[in-house]
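Bear in mind these aren't lab numbers, they're just calculated from the coordinates by the rules spelled out. Please read these numbers as outputs of a predicted model, since none were measured by experiment. Backbone-built Cβ (ideal geometry, glycine too); neighbour counts: all protein chains shown.
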Amino acid sequence: MGAGHGHTLHYHGHSAIHRLPAHVKIVALVLFVLAVVATPREAFWPYAAHLTALVGAVLVSRVPLSYIGTRMVVEVPFVVFALLVPFVAIGPRVAVGPFEVSAPGLVAAWALLAKGTLGVIASLLAAATTEARDLVAGFERLRLPQPLVQIMSFMLRYTEVVAGELSRMRIARDSRGFRARSIRQWPVLGHTLGALFIRSYERGERVHLAMLSRGYAGRLPSLHPRTATSGEWAVGGILPGVAVLVCAAALVIAR
Amino acid sequence: MLDVRGLAFAYPDGHQALFGVDLHVHRGERVALLGPNGAGKTTLVLHLNGILAAGAGTVSVSGLEVTTNNLAEIRRRVGIIFQDPDDQLFMPTVRDDVAFGPANLGLRGDALDTRVLRALEQVGMDAFIDRPPHHLSYGQRRRVAVATVLAMEPEILIMDEPSSNLDPASRRELADIVRALDVTVLMVTHDLPYALELCERSVILSDGVIAGDGRTREVLADADLLARPRLELPYGFTVV
């Protein structure tokens, strides 16, 4: 059994950001990320401005900064890559401490790190303030094709069922003395996954039968159409609005 | 009400599951369909709402024959509750799931909400309306599964192994719910005491044909009739 609310990234709350309809948040997130990506990478101040606005939004949401911080671990592979870029990139070299590194590489690494970090924080904020089912409803509202909405909704519903099944299979396997200690045991793990796949496939068929029995004809009924007021669009528009202004100003100044 | 005549069916791989089944269920009856594993019970059930199409013979519900042209109406009239509630409950919340059937019938807005709430009240699960199904206990999920079908206001309710995996209290609660319903019930089971508790009449399906039909008490007291299809009362039970 999972947590009482939605998914593992969700942080329960009732802030203005939590209350925004999911589709507003999705649109705001995409616009914000686009504005950040379009910001010229040669100047530092626009990124400081983006970060300030974003941290402001996190404070409004009352999601603790530490909560966002610990979940930023997901970015680590990109950080490692960004740190390597200055060493492997070509071009004129500059001295940074004891190292001679590529100057264009340094700029590229900075841009990757800054844009990536802003994107990750924004995504975490959206995830922390939106329950998974609302997210699916939001995508539906944004006219994401029905098959994709249905796939997401089923994934949401059955992840725990399949994980439960896998853990029962693991317990049953281990109860008969199995321990995966070396590569020679991999075939057993392969069979487990194969069996899990077949079981899930068969469950899919049974679910489909049960749906047909209740009159399913290709479309899921809408998951509570939640419309956004112009006020909510205005609130959701603040952060991307600021980001677009910052980006525009940076572009003008860079000229 | 439910009229099955000469129903025969073979799966595409050649395995023949039903060899001419005749079954008639009257309005308001609660009938147990008894049979061992592999007797063709589930195959028969899947014909009753047109999921499987008859190889020979006919199925009709309240005078309407099951054909590909009237599947929507047939599925409104025949509500099937499947054995595993995880197969039945697939929407993110209990509310969405109970609304799934009636929404497919075209209900919207207040009419839909009323229907959903009423169905959940009938199974005593209205307090759980906004919970995700996977956070409920197994017995609770089984009851919500019953509500998903009640919300369609079926004329006949078909329950596939309703008592399986339930603890004694959940089992009794489900029996109370079924008794309180004003609807025709066909209960598919090999749980003979449960059949006796809930159903006046029992029909035995064995090797794809109806092997016995009568008052549950008399059917369960007939040792010869039970022995052929490998049905047995649990240890220590006798019906007198």
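Suppose R0 equals 41 Å. What FRET efficiency, 1/(1 + (r/R0)^6) with r the Cβ-Cβ distance, do B:Arg5 and A:Ser123 give to the nearest 0.05?
That gives a FRET efficiency of 0.10.
Of the trypsin sites (Lys or Arg not before Pro) in the range A:122-162, which ones lie in a loop per DSSP and count no more than 13 other C-beta atoms within 10 Å? It would help to have the intermediate numbers written out before the result.
Details: sites: A:Arg133, A:Arg141, A:Arg143, A:Arg157; in loops: A:Arg143.
Those that pass, being in a loop and sparsely packed, are A:Arg143.
Kindly put A:Ile17, A:Ile26 in sequence by how many other C-beta atoms sit within 10 Å of each C-beta, fewest to most.
A:Ile26, A:Ile17
Compute, for the range B:2-227, the length of the dipole vector about the Cα centre, with Cβ point charges of +1 (Lys, Arg) and -1 (Asp, Glu) only. Units Debye, rounded to 20. Working shown, then result.
Details: 21 positive and 32 negative charges, 64 e Å.
Dipole of the range B:2-227, to the nearest 20 debye: 300 debye.
So how compact is the range A:145-213: Cα radius of gyration and Dmax in angstrom?
Rg and Dmax of the range A:145-213, Cα atoms, are 15.3, 47 Å.
Please give the net charge around A:Leu239, taking every other residue with its beta carbon less than 14 angstrom from that of A:Leu239, where Lys and Arg add +1 and Asp and Glu add -1.
Values: positive: A:Lys25; negative: A:Glu232.
Overall, the nearby charge balance is 0.
Helix-only estimate, please: 222 nm mean residue ellipticity of the protein assembly as shown, summing -39500 (n - 2.57) across DSSP H runs of length 4 or more and dividing by its residues, to the nearest 500.
-17000 deg cm²/dmol, from helical runs alone.
What is the calculated FRET efficiency for A:Val80 to A:Phe178, with r their C-beta to C-beta distance and R₀ = 22 Å, to the nearest 0.05?
0.05
Using the Cβ atoms and a cut-off under 13 Å, what net charge is assigned to the surroundings of A:Leu251, where Lys and Arg are +1 and Asp and Glu are -1?
Residues near A:Leu251 contribute +1 overall.
Among A:Cys247, B:Cys199, which comes first, second and so on when ranked by fewest other beta-carbon atoms within 10 Å? Each step should come with its number before you reach the end.
Working: A:Cys247 20, B:Cys199 23.
With the sparsest Cβ surroundings first, the list reads A:Cys247, B:Cys199.
Can you give the direction-averaged projected area of the convex hull of the alpha-carbon atoms in the protein assembly as shown, in nm²?
32.1 nm²
Over all residues in B:69-76, what is the mean tally of Cβ atoms on other chains that come within 10 Å of each residue's Cβ?
Mean shielding count: 2.
In whole angstrom, note down how far apart the Cα centers of the range A:222-253 and the range B:123-152 are.
Between the Cα centre of the range A:222-253 and that of the range B:123-152, the gap is 39 Å.
With charges set only on the Cβ (+1 for Lys and Arg, -1 for Asp and Glu), what does the dipole of the range A:122-165 come to about its Cα centre, in debye to the nearest 20?
Details: 4 positive and 5 negative charges, 42 e Å.
Charge dipole, the range A:122-165, about its Cα centre: 200 debye, nearest 20.
Report, in debye and to the nearest 20, how large the dipole of chain A comes out about its Cα centre when Lys and Arg carry +1 and Asp and Glu carry -1 on their Cβ.
760 debye
What is the calculated FRET efficiency for A:Ser15 to A:Leu144, with r their C-beta to C-beta distance and R₀ = 22 Å, to the nearest 0.05? Walk me through the numbers before you get to the answer.
Details: r = 26 Å, r/R0 = 1.18.
Step by step, r from the Cβ atoms, then E = 0.25.
Which one of B:Phe237, B:Gly57, A:Ala128 has its Cα pushed farthest toward the positive end of the charge dipole of the protein assembly as shown, where Lys and Arg give +1 and Asp and Glu give -1 at the Cβ?
A:Ala128
Compare B:Asp126, B:Asp191, B:Asp167 in a GNM of chain B, Cα atoms joined below 10 Å, and give the one with the largest fluctuation.
Judging by the Gaussian network model, the answer is B:Asp167.
Given springs between every Cα pair under 10 Å in a Gaussian network model of chain A, which of A:Leu209, A:Leu84, A:Leu59 has the largest fluctuation?
Taking springs between Cα atoms under 10 Å, the residue moving most is A:Leu209.
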